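Beneath this line is the structure, given in structure tokens, with notes to follow.
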Amino acid sequence: MSISIQIAYLIASILFVLGIKMMNKTKSARQGNRLSALGMFIAIVATLLQIEVISLVEIFGCIVLGSAIGLYYANKVEMTKMPEMVALFNGFGGLASFSVALSDYFLRTEVNMESIELVTVISIIVSVFIGGVTFTGSIIAFLKLNGNISGSPITFKGQHPLNLVLFLSFLAAATYTVIDQSDPILIIALIVISLILGVLTVIPIGGADMPVVISLLNSYSGMAACATGFILNNNVLIVAGSLVGASGIILTQIMCKAMNRSLVNVLLGGFGQTVSAGAEDGPAITVKEIGVEETAMLFDSVSSVIVVPGYGMAVAQAQHVIRELMEQCEKRNIDFKFAIHPVAGRMPGHMNVLLAEANISYDKLIEMESINDDFPNTDLVLIVGANDVVNPAARNNPQSPIYGMPILNADKARTVIVSKRSMGKGYAGVENELFGYPNCLMLFGDAKQTITKVVSEMKEM
Ligand code: NAP
């Protein structure tokens, strides 16, 4: 590889690192994204300049086809379906690494009849394993999220011992592959076992733990790409893969903390089995309703408001009307901010993206740790389509499946208004005792429609 290509790869890697660092802060995230994209452009051009095996026409054909499909789906996908899309991205990332590793293996052993260096053969095995697990695991996560297979944990007797036997068989086949690189049966065994393990490790995971799985699979796809970088001796792939692998693991850890799951539990699979719809239904909750006019009057009389957005805000696409509500409140000198739970919605950062889309400035969005102590001093909390992330059962009911999950202390505010359509449960499928609290009022109806009416009322006051 020429020195100029190496330099281009180095520049691309630096841009990736800087880009990821800038994504740390909401304000610089867009710029970080642009820098990383520039890094990727440089990496692609540098790679195209060294093409030997296939023609540029074939490569551009694939790029155009892939980009067209990607563009079509990126434009078509609804915000609420993003986690499914991310699951597919991860899966295809894993499949790409898996395919490159296999083609490299067959090119070397069957076409060129050469023996493969130890480090390369180990990288091929690692890439096949992680890529295969990521591919089928992500497809299962996708099917679970879009409801084509049950979102509840799918378990059977002897599941963990079977996983262990399969893993040990993989290790045995991998060891023999290192010794006898030319036996195609061994590599086929590695392919089959890794694909089955991907399915088996994700099917027992259900309910509220799915975001952790997606983030973990994202990390796996990075690790697979990193292993493929070693096979191809491509430094930029090693750096980019490591960055995705490491950031995915960090995000997984943040989410585990936010959902009160341990990482070991995640890595072993089979977690989330305690979460099932209606698992802890208690006595019926009696609620107090509030209408649109009274809500508007209440807003008119307070001096501090915190909005807690959740998945329902995304469903209703209520973010724009909430900005109008904020403008009405600010006209009245009401202190107005948003409380962001790390797993509100259906993907990390879901609420931030929606609120940014409605031009709500980043400094209004306060993370859970920073805002939780403000609730007791707040006059009014408006919960818009959030449920699990404000469920006090997570704090005080050890029988609840979400017990231990950190929540927003919305219940501690002087008055709480909950905007949702019905008494429907949230993602974890559990009742929310907050709705029956004396300081809680239910504003029933689609969030966008009811809040639009509240804003119109306020405009007329
Ligand atoms: P949630 O607990 O899923 O509750 C959403 C609520 O929105 C529902 O109770 C629903 O009640 C209401 N809703 C739906 N459509 C609505 C509409 N048009 N207008 C008004 N309300 C509407 O949401 P959350 O509090 O944001 O909690 C997120 C949950 O998802 C957590 O359990 C989390 O672990 C999990 N999760 C998070 C991620 C992530 O990465 N953020 C990913 C996957 C899963 P009605 O039906 O009565 O309207």
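The values are calculated or read from the model by the stated rules, or taken from the named source; none is laboratory data. For clarity, every value in this text was computed on a predicted model and none was experimentally measured. Positions of Cβ are generated from backbone atoms using ideal geometry, with glycine treated the same way; all protein chains shown enter the neighbour counts.
Some notes on this structure:
- Among residues that are basic (Lys, Arg), surrounded by 14 or more Cβ atoms within 10 Å (Cβ to Cβ) and out of contact with any Phe, Trp or Tyr (no Cβ under 9 Å at 6 or more places or on another chain), Lys144 is included.
- Residue selected from the stretch 209-239 under the condition among the β-branched types (Val, Ile, Thr) and either surrounded by 24 or more Cβ atoms within 10 Å (Cβ to Cβ) or under 14 Å from the mean Cα position of the chain (by Cα) (or both), by the criterion nearest to Gln50 (Cα to Cα): Val236
- Scanning the stretch 433-461 for residues that are at pLDDT 95 or above and in a loop (DSSP other than H, G, I, E, B) yields Tyr437, Pro438, Asn439, Gly445, Asp446.
- Residue ID - surrounded by the most Cβ atoms within 10 Å (Cβ to Cβ), chosen from residues in the stretch 331-344 that are over 27 Å from Glu460 (Cα atoms) and free of Cβ contacts under 8 Å to residues at least 60 places away in the same chain: Ala344
- Looking across the stretch 5-31, the residues that are closer than 22 Å to Ile340 by Cα and assigned to a helix (DSSP H, G or I) come down to Ile20, Lys21, Met22, Thr26, Lys27, Ser28, Ala29, Arg30.
- Members of the stretch 384-439 found to be surrounded by fewer than 20 Cβ atoms within 10 Å (Cβ to Cβ), free of Cβ contacts under 8 Å to residues at least 40 places away in the same chain and near the ligand (Cβ under 10 Å from one of its atoms), listed by number: Ser422, Gly424
- For the stretch 356-366, the condition of being aliphatic (A, V, I, L, M), away from the ligand (no atom under 13 Å from the Cβ), part of a strand (DSSP E or B) and surrounded by fewer than 18 Cβ atoms within 10 Å (Cβ to Cβ) holds for at least one residue.
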